[in-house]
Amino acid sequence: MRAVLLAGGLGTRMREETDFRPKPMVQIGGQPIVWHIMSNLAQHGITEFVIATGYKREVIDAYFDDHVQWQRIENAEGEAPRYQRSGGQPWQVTLAFTGDTTGTGGRVARCAPYLAGKPFFVTYGDGLADVNVTELLRFHQGHGAHATLTAVQPTSRFGLMDIDASGRVTHFREKPKMKDWVSIGYFIFEPDVLDVLDENGGLEEDCLTQLAASGQLNAFRHEGFWQPMDTYREYLMLSELWDSGHAPWKTW
């Protein structure tokens with residue numbers, strides 16, 4: 001199975017870092033976040049990656065061109081550049097430029113030529129999790145629908161209170177887990193999903209909405225760690241976890 005990693009967004013809420021690089025290239029522990037995601041997926045046998053680039057794609061290009069652990073694979077002129085990881089680890093990466101301002105659905109659609117007409121994995125290149133992708137795939141294969149997303153119940157950013165009619169605080173809950181579920185990516189799609197994608201649209205607001213309406217979308221419940229990196233504060237938190245030696249997403 002090949003994995004599409006979405007790495008072309010603007011990252012406007014994290015300008016401290018994204019003025020200089022796309023968010024998936026922000027480093028945690030000396031390696032870009034996208035490397036951490038690939039390392040996790042490789043533990044489950046996914047070692048062929050298509051990185052959908054856009055904003056500041058030259059930073060991603062330079063990382064693979066210049067980093068000693070990556071070797072460029074010769075291909076025909078005009079084709080997307082491909083790389084393999086040195087040192088005996090069978091990773092292969094294709095860098096697919098999908099436009100500077102393309103929506104997430106459009107980025108996936110533009111990766112279709114690199115997916116060999118088979119089921120494929122998709123996720124965002126700016127969040128870390130310890131999802132058991134082997135179990136995710138087993139769940140997807142068992143339900144028969146065209147698409148699976150991974151869902152979590154996030155922890156509230158704030159402590160919550162219960163207040164009675166008189167204004168008396170009756171109960172205080174310190175950052176509880178929410179009852180609602182949110183999608184964190186970690187999708188598995190059948191090739192049919194490519195027919196639903198709009199090259200100018202979004203992934204969740206367009207494609208997944210249609211799939212849900214037609215009964216072709218199921219959710220894999222993830223109870224473990226997940227943390228997006230939407231803000232500089234979240235970047236610092238992830239860096240501190242890595243530096244502590246107890247990064248929950250490190251499964252390799």
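Key figures
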| read-out | value |
| --- | --- |
| Candidate set: region 52-111, residues that are β-branched (V, I, T) and assigned to a strand (DSSP E or B); chosen: the one surrounded by the fewest Cβ atoms within 10 Å (Cβ to Cβ) | I73 |
| Any hit, region 232-239, residues being more than 20 Å from I33 (Cβ to Cβ) and basic (K, R) | no |
| Single match in F172, F225 (criterion: aromatic (F, W, Y) and over 21 Å from the mean Cα position of the chain (by Cα)) | F172 |
| Within region 240-250, considering residues that are farther than 11 Å from H36 by Cβ and in contact with a Phe, Trp or Tyr (Cβ under 9 Å, 6 or more places away or on another chain), the one surrounded by the most Cβ atoms within 10 Å (Cβ to Cβ) | L241 |
| Residue identified as of a type outside the set (S, T, N, Q), modelled with pLDDT of 95 or more and part of a strand (DSSP E or B) among L136, L128 | L128 |
| Lone unmet requirement of (1) among the acidic types (D, E); (2) crowded, with 17+ Cβ neighbours inside 10 Å; (3) over 20 Å from the mean Cα position of the chain (by Cα) for D126 | (3) |
| Failed item, numbered, when L160 is tested on (1) aliphatic (A, V, I, L, M); (2) over 28 Å from I28 (Cβ atoms); (3) in contact (Cβ under 8 Å) with a residue 24 or more places away in the chain | (3) |
| Residue list for region 69-116, filter: hydroxyl-bearing (S, T, Y), without any contact (Cβ under 8 Å) to a residue 24 or more places away in the chain and in contact with a Ser or Thr (Cβ under 9 Å, 6 or more places away or on another chain) | Y83 |
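The values are calculated or read from the model by the stated rules, or taken from the named source; none is laboratory data. Quick caveat: nothing in here was measured; it's all calculated off a predicted structure. Note that each Cβ is placed from the backbone with ideal geometry, even for glycine, and that neighbours are counted across all protein chains shown.
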